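Right, one structure below, let's go through it.
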Amino acid sequence: AGSAAAATHPSGRVTMSGSLVPAAERAHPAGTVSAKSTVSFQLSLKLRNAAGAKAFAIAVSTPRSKQFHHYLTDAQWVAKYGPTRAEVSAAERWLRSEGITVGSVAKDRLFISAHGSASKVEKAFGVQLGMFKVTGHTLRLAKSALSIPRSMAGTITGAVGVSQAVESTSLSSTAAAATASPKDSEPGPPAGFANPEPCSNYWGQKTDTA
């Protein structure tokens, strides 16, 4: 996960703050990651107006607000706050330029599914991957914070699944990301076991009937 931060590398790359797994989870190395192994992940894109989306979400759920229960349709939400088609296309072009296969795009355009060899993913995000023992599980983790080209910093906010996670470690990882993320960035999806995905791609897609 993570969000693009202002800090840049000498090479002109931008660090994705919150993407470095806590040191405690990297304390017990358990081997290397095969360069040819497949890494599946989701690239998360920036909301068009994260602060405005947050304000709307609060207003529409606050009883005394004039906007209370005045919901937007899925299409209205995407039109007002979702990444533009041009931003999605730019992110897809960057992935393909790195030799990574692009999969499906969420209906709200916030996530792009992708996969590639470990070596290509390492190159794309400027990291080395390794295997580590975490709470009884052997997980693939990035050894440093992910980074992206500065040209993509205004479009991409994170990459979910490059570093694997288990439920027992999600609180520390999520807390670290929330602390380090810029105020105008939207939170990423919660961690889950190995290459987690958001519960739904858009509001109302999956409904709990239990």
Exercise for review: Mind ranking 74, 108 by accessible surface for me, highest first, 1.4 Å probe?
Suggested key: 74, 108
**Study point:** Quotient of Cα Rg and 2.2 N^0.38 Å for region 1-120, N being how many residues it contains
**Key:** 1.36
**Study point:** Where the Cα pairs of region 71-114 fall when distances are cut into 10 Å bins, in %
**Key:** 28, 48, 19, 5, 0
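Considering only protein heavy atoms, with the full assembly of protein chains and a 1.4 angstrom probe, order 87, 98 by accessible area, largest first.
Numbers: 87 50, 98 30 Å².
Sorted descending by solvent-accessible area, the residues read 87, 98.
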Review point. Straight-line reach from residue 66: which lysines have a Cα under 24 Å away, not including same-chain ones fewer than 8 places off?
Key: 54, 80
Review point. Considering only protein heavy atoms, what is the solvent-accessible area of residue 115 at a probe of 1.4 Å, reported in Å² to the nearest 10?
Key: 80
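The values are calculated or read from the model by the stated rules, or taken from the named source; none is laboratory data. Given the structure is predicted, the values throughout are model-derived calculations rather than measurements. Note: areas computed on protein heavy atoms with side chains; ligands, DNA, RNA excluded. Shrake-Rupley method; radii C 1.70, N 1.55, O 1.52, S 1.80 Å.
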